[in-house]
Amino acid sequence: MTDITDTADADTDDPGTGIDPGPDAGGPGDEQPAEPPPRALRAGEPVLLIDSKQRRYLVTLTPGAEFHSHTGFIRHEELIGRSEGITVRANRSGNFLVLRPTLADFVLKMPRGAQVIYPKDLGPLLLLADIFPGARVLESGVGSGALSMTMLRAGADIIGYEVRADFLSRAVKNVTAFLGPEVLDRYRVEERDTYAGIDETDLDRVVLDLPEPWQVSPHAARSLRPGGIIVAYTPTIVQAVQFRESLPEHGFGQAETVEVLNRSWHIDGQSVRPDHRMVAHTGFLTHARRIVTA
Ligand SMILES: C[S@@+](CC[C@H](N)C(=O)[O-])C[C@H]1O[C@@H](n2cnc3c(N)ncnc32)[C@H](O)[C@@H]1O
């Protein structure tokens, strides 16, 4: 049950500041409004509700709204102004742990247009692309915005090309729901076909998650600065191979393709073993540098 809405009307007041009553405020004994805890939950922000069976629900805090489950409902106003990390009780029964979602939580729970890149690949991808604050990045396709929000949070300045208008709009909603509308200063998206070309020049990075990245290699070669990095995420090794084959003829070197395996462990008393289930396959990450011959 995912309940996430636009954050355009989010309350952006700083709740941690508190209220200074000033020198003319009433004397001892007067009722003072309770000061909200530091970093209190605010209207407009997403929170994760986790029940006793570890089911997770993503909710955007909205005055007047209610979260409903089989154990009853919780009024959002019971959460606004309180700390994360608390446990609240639904009106009939059942406790819910209340936490701000991490980036990985949000990516797995947010509404999707296109399939997202999973957190296990997003982390390594940040390092393989060597994303840094202020990096000028061309990203395509934008899809649901999972990769966008990961690179934006690491400080990148992104131009996103996406061929589908509906996906673009979903990505912008997701990105602003997690990072706030101020991030749009560093996130410009355009509805366009990346196979037809890239307008930007002097880019630091080109990061691709679209079906035929080899069609972008010649454009990336013209748009990346010398030493710049190209990265492509591809679900199949056949795509990775075709992309790799396109790289040398367009002046890319130092290429490498990696797959990320992430195996969690069950640790409970004497029962210590790998979990029975894992996400066995998602995709391949290929990265290379733009080399200039003197
Ligand atoms: C798997 S999704 C990307 C998901 C995204 N990386 C994320 O993490 O949310 C692939 C996207 O590439 C877009 N796409 C496919 N061909 C394209 C092209 N030629 N130019 C721009 N976007 C394209 C699709 O519309 C789709 O949204």
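None of the figures in this text is laboratory data; all of them are computed from the coordinates on show. All values derive from a computational prediction rather than experimental measurement. Cβ coordinates were reconstructed from backbone atoms using ideal geometry, including for glycine residues, and neighbour counts include every protein chain displayed.
Any idea how far apart Val241 and Glu66 come out in nm if each label point goes 7 Å out from Cα toward Cβ?
Result: 5.8 nm between the two label points.
Where both residues lie in the chain, what percent of DSSP beta bridges are antiparallel, nearest 5?
60 percent
By count of other Cβ within 10 Å, fewest leading, how are Arg290, Arg164 ordered?
So the residues, fewest neighbours to most, are Arg164, Arg290.
Can you give the extra length, in nm with one decimal, that the chain gains between Ile50 and Ala196 once fully stretched, where that is 0.36 nm per residue apart less the Cα-Cα distance?
Taking 0.36 nm per residue and subtracting the Cα distance, the gain is 48.1 nm.
Could you work out, for region 112-236, what percent of all Cα-Cα pairs fall into each 5 Å distance bin, beginning at 0 Å and stopping at the bin that holds the largest distance?
Going out from 0 Å in 5 Å bins, region 112-236 shows 2, 12, 24, 27, 22, 10, 2, 0 percent.
Take His281, His76 and order them by how many other Cβ atoms sit within 10 Å, fewest up front.
The most exposed by this proxy come first: His281, His76.
Give me the log10 of I(q) over I(0) for the chain at q = 0.09, 0.14 Å⁻¹, as the Debye formula computes it from C-alpha points; what are the numbers?
The computed values of log10 I(q)/I(0) come out as -0.55, -1.05.
Using only DSSP helix segments of four residues or longer, with each worth -39500 (n - 2.57), what per-residue ellipticity at 222 nm results for the chain after dividing by its residue count and rounding to 500?
-5500 deg cm²/dmol
What is the spin-label model distance, in nm, from Asp130 to Leu108 if the labels are put 7 Å beyond Cα along the C-beta direction?
3.2 nm
What full-extension length gain, to one decimal in nm, is calculated for Glu212 and Ile86 as 0.36 nm per residue of separation minus the Cα-Cα distance?
Gain on stretching Glu212 to Ile86: 40.7 nm.
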